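Participant: Below is the structure I would like to discuss, written out as structure tokens.
The values are calculated or read from the model by the stated rules, or taken from the named source; none is laboratory data. Computed from a prediction, not measured in an experiment: that's the story for all the values here. Counting neighbours? That spans all protein chains shown, and the Cβs are built from the backbone with ideal geometry, glycine included.
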Amino acid sequence: MVIQKVSLYVLLTIALFLAAAFSLGLGAVKIPVIDVMIILAKKIGFFSGSSVSIQHEGVLNIVRLPRVVLGILVGAALGISGAAIQGIFRNPLAEPGLIGISAGASLMAVIVIVLEMALFVGLSNLLGYYLLAFGAFAGAGIAAMVVYQISRTDGKSNVATMLLAGIAINSLAGALTGLITYMADDQQLRNITFWMLGSLAGATWETVLAITPFVLLPVLILPHMGKALNAFALGETQANQLGLRINRIKRNVVILSTMAVGAAVAVSGIIGFVGLLVPHTIRLLVGVDNKYVLPASALMGALMLTLADMLCRTIIAPIELPIGVITALLGTPLFLYILIKDKKKLTL
Amino acid sequence: MLIADHISYETGKRMLVKDVSFSIRPGEMLVILGANGAGKSTLLRMLSGERTPSKGSLTLHDKEVSHYSSPELALKRAVLNQQNIVNMAFMAQEIVMMGRYPHYQNNPSAKDREICEEVMKLTGTTHLAERSYLSLSGGEQQRVQLSRILVQIWDIPNALLLMDEPVSGLDLQYQQQTLAIAKALSKRGFMVISILHDINLAAQYADRILMLKNGRKWYDGTASEVLNTKNIYEVFEIDSDVFTNPKTLKPFFIPKNTTVNLSSLS
């Protein structure tokens, strides 16, 4: 079993590298995979020849590489936070998009865009992105706390209430976003549409730099909380009886996972169902032990978003599909499948 | 030793448990009996730390329970709750291993694994080890949860074992087996406190019985001392005959027929 789990990590890592290399080569300017490898090797100083064209190098460095790296970061963030949130809510159906966390993040992001344009016109780019990330993080956190508090009765979280509260938060955030849309000018409207559909098209080294700490921190810390999240599956009372300081754990998990979701939403908008699809697939492959599910979800999320981004860039090239459309198209049937398969077993 | 000193629990304006005092020594098995709403579960929840007494004090091994940290308590006390809802498809053996979580940081030791195997053999759950918890029947799930509780304190001397209706939903064989295990553990030095509904099971296994009514301690003593027609009528409001089991010399209870008059309802 352990060998099977370790080999899954290895396989996912290899697949991620291959997908990334492949994705780097695809687009309006095709770059052979070999050249991609050479340019990457050059970049980290392994290689100093120049058998590749400068144009290719430029496209790769300025356009493709930040986009692929951003896809990996956002995917890892969504994958791991999906797994962690499901752990805290004790239910495999909890998903950042479903319970209003993404909508909260997106609303705050939209508010920041509009306000930033009105108030801080002179703000530098990187600082602007940080502000956006913080805004989205705050929005995600507020939504998560509200849903969590509403869904709790007698110290247990009630999943039916949680999903209903999620619907409420989603439509409230949607209405407020709609209100802002109504008041927005053309430029802002375009940005807002971008947020609603989700896309990695805005990728630059600056956005990558801006979200890296907000993604790395959760990706490095959350896997250490696997044992605690397993115990949570027994129930909060039971977890407490196993010696866990449940309030501290809950707070830390909510902060870390909303941080990851907030950062992801800030740069790429709402990319739905990754947080549902990824941990579910991992659980089918290696079981539900969070010690493995959390890190594997980060890897798998990165892989899935890299592939999804590759699809949305090439499917009807040169036009680009929003990535959120792709993930929703793949994710919704899976969600329905889980619902139908487990409808007898899930206790709401 | 666990000492409950004049503990009460109040919620809103209702007193669910009023001024209850008792103590239990290592080696003893105490059964709590009482009608619905008598305050049994509330009392047990105070002992398990799920509720804090509004008045009175709880002392475990000469130290106030509230002065222990929850990791410390997890190594002294295990609780089998009445309701255990799990929505994630953990394997039965993973659920059982969670009972050892307080004992290890990252990876279970050989001893942790050994204890899990031993206990699962005892509770007859070995063959369920690799099955998903969600696919088990209610009774099987309950035995897996029991195993989890037992591995938690298996190697701890004088541990406190609390069980809220541990045999509801189990068939006759496992009802007997569960209580026999609890009894054997008490003989090994555990303090066992269990809520039961079946008076005969209580008579069979309890060293002492605590009878609750309206949140108060009504009677406290051995089965022969407290289980008689009069006391049972007072606490449960049913007529019954109580005999002595000639083999064990323990009391043995048979309820009398209750007549319900439906004609007045028309």
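Participant: Would you say residue A:143 is small (Gly, Ala, Ser) and either modelled with pLDDT of 75 or more or surrounded by fewer than 17 Cβ atoms within 10 Å (Cβ to Cβ) (or both)? Explain how you work it out, then say what you get.
Facilitator: Working: small (Gly, Ala, Ser): yes; either modelled with pLDDT of 75 or more or surrounded by fewer than 17 Cβ atoms within 10 Å (Cβ to Cβ) (or both): yes.
So residue A:143 passes the test.
Participant: When you scan region A:311-330, how many residues do you find that are over 16 Å from residue A:78 (Cβ atoms) and either buried (at least 22 other Cβ atoms within 10 Å of the Cβ) or of a type in the set (D, E, K, R) (or both)?
Facilitator: 2
Participant: Could you tell me whether residue A:291 is within 30 Å of residue B:131 (Cα to Cα) and out of contact with any Gly (no Cβ under 7 Å at 6 or more places or on another chain)? Explain how you work it out, then say what you get.
Facilitator: Working: within 30 Å of residue B:131 (Cα to Cα): yes; out of contact with any Gly (no Cβ under 7 Å at 6 or more places or on another chain): no.
Considered against the rule, which asks whether it is within 30 Å of residue B:131 (Cα to Cα) and out of contact with any Gly (no Cβ under 7 Å at 6 or more places or on another chain), residue A:291 comes out as no.
Participant: For the structure I just gave you, tell me whether residue B:237 is acidic (Asp, Glu), in the same structural domain as residue B:8 (by the TED database) and surrounded by 13 or more Cβ atoms within 10 Å (Cβ to Cβ). Break it down stepwise before answering.
Facilitator: On the way: acidic (Asp, Glu): yes; in the same structural domain as residue B:8 (by the TED database): yes; surrounded by 13 or more Cβ atoms within 10 Å (Cβ to Cβ): no.
In short, no.
Participant: Kindly indicate whether any position in region B:14-26 is part of a loop (DSSP other than H, G, I, E, B), touching a residue at least 12 places away in the same chain (Cβ under 8 Å) and closer than 22 Å to residue B:183 by Cβ. Spell out the reasoning first.
Facilitator: Our first condition is that a residue be part of a loop (DSSP other than H, G, I, E, B); within region B:14-26, this holds for B:25-26.
Next, from what is left, pick out any that are touching a residue at least 12 places away in the same chain (Cβ under 8 Å): B:25-26.
Pick out the ones that are also closer than 22 Å to residue B:183 by Cβ and you get B:25-26.
Yes - at least one qualifying residue is present in region B:14-26.
Participant: Of A:10, A:33, which residue is modelled with pLDDT under 80 and either hydrophobic (A, V, I, L, M, F, W, C) or buried (at least 16 other Cβ atoms within 10 Å of the Cβ) (or both)?
Facilitator: A:33
Participant: Now, a different point. Can you tell me which residue is surrounded by the most Cβ atoms within 10 Å (Cβ to Cβ) among those in region A:264-284 that are among the β-branched types (Val, Ile, Thr) and under 9 Å from the mean Cα position of the chain (by Cα)?
Facilitator: Applying the first criterion (among the β-branched types (Val, Ile, Thr)) to region A:264-284 yields A:265, A:267, A:270-271, A:274, A:278, A:281-282.
Those still in the list that are under 9 Å from the mean Cα position of the chain (by Cα) too: A:265, A:270-271, A:274.
Working: A:265: 36, A:270: 22, A:271: 34, A:274: 33.
Restricting to residues being among the β-branched types (Val, Ile, Thr) and under 9 Å from the mean Cα position of the chain (by Cα), the top hit is A:265.
Participant: Continuing with the same structure: Looking at region B:90-108, can you tell me whether even one residue there is outside the structural domain of residue B:189 (by the TED database), of a type in the set (Lys, Arg) and within 24 Å of residue B:171 (Cα to Cα)?
Facilitator: Looking only at region B:90-108, we keep the residues that are outside the structural domain of residue B:189 (by the TED database), and these are B:90-108.
Filter once more, keeping what is of a type in the set (Lys, Arg): B:100.
Add one more test, that the residue is within 24 Å of residue B:171 (Cα to Cα), and what stays is none.
No; the residues of region B:90-108 include none that is outside the structural domain of residue B:189 (by the TED database), of a type in the set (Lys, Arg) and within 24 Å of residue B:171 (Cα to Cα).
Participant: Being more than 7 Å from chain A (Cβ to nearest Cβ) and either crowded, with 23+ Cβ neighbours inside 10 Å or within 22 Å of residue B:44 (Cα to Cα) (or both) is the filter here, so list the residues in region B:86-96 that pass it.
Facilitator: B:92, B:95, B:96
Participant: Restricting to region B:39-71, and then to whatever is exposed (fewer than 14 other Cβ atoms within 10 Å of the Cβ) and within 12 Å of chain A (Cβ to nearest Cβ), can you tell me which residue is nearest to residue B:145 (Cα to Cα)?
Facilitator: B:71
Participant: Counting only residues that are of a type outside the set (S, T, N, Q) and touching a Ser or Thr at 6+ places or on another chain (Cβ under 8 Å), which one in region A:1-26 is farthest from residue B:94 (Cα to Cα)? Quick ask: steps written out before the conclusion?
Facilitator: Within region A:1-26, the subset of a type outside the set (S, T, N, Q) is A:1-3, A:5-6, A:8-12, A:14-22, A:24-26.
Restricting the remaining residues to those that are touching a Ser or Thr at 6+ places or on another chain (Cβ under 8 Å) gives A:16, A:19-20, A:26.
On the way: A:16: 30, A:19: 34, A:20: 35, A:26: 44 Å.
Going through the qualifying residues, I end up with A:26.
Table: residues versus (1) at pLDDT 95 or above; (2) within 8 Å of another protein chain (Cβ to nearest Cβ); (3) more than 19 Å from residue A:246 (Cα to Cα).
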site	(1), (2), (3)
B:73	no, yes, no
B:84	no, yes, no
B:104	no, no, no
B:108	no, no, yes
B:117	yes, no, yes
B:138	no, no, yes
B:142	no, no, yes
B:152	yes, yes, no
B:161	yes, no, yes
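Participant: Okay, moving on. Just to be sure I understand, how many residues within region A:168-177 are surrounded by 13 or more Cβ atoms within 10 Å (Cβ to Cβ) and out of contact with any helix residue (DSSP H, G or I) (no Cβ under 6 Å at 6 or more places or on another chain)? Lay out the reasoning, then the answer.
Facilitator: Taking region A:168-177 and keeping what is surrounded by 13 or more Cβ atoms within 10 Å (Cβ to Cβ), we get A:168-174, A:176-177.
If we keep only those that are out of contact with any helix residue (DSSP H, G or I) (no Cβ under 6 Å at 6 or more places or on another chain) as well, we get A:168, A:171-172, A:174.
Total satisfying the criteria: 4.
Participant: A further question follows. Is it the case that region B:168-175 has a residue that's within 22 Å of residue B:251 (Cβ to Cβ) and free of Cβ contacts under 8 Å to residues at least 60 places away in the same chain?
Facilitator: Yes, because at least one residue in region B:168-175 is within 22 Å of residue B:251 (Cβ to Cβ) and free of Cβ contacts under 8 Å to residues at least 60 places away in the same chain.
Participant: Could you tell me whether region A:68-80 includes any residue that is at pLDDT below 85 and surrounded by fewer than 22 Cβ atoms within 10 Å (Cβ to Cβ)?
Facilitator: The initial filter retains those residues of region A:68-80 that are at pLDDT below 85, namely none.
Looking through region A:68-80, none of the residues is at pLDDT below 85 and surrounded by fewer than 22 Cβ atoms within 10 Å (Cβ to Cβ).
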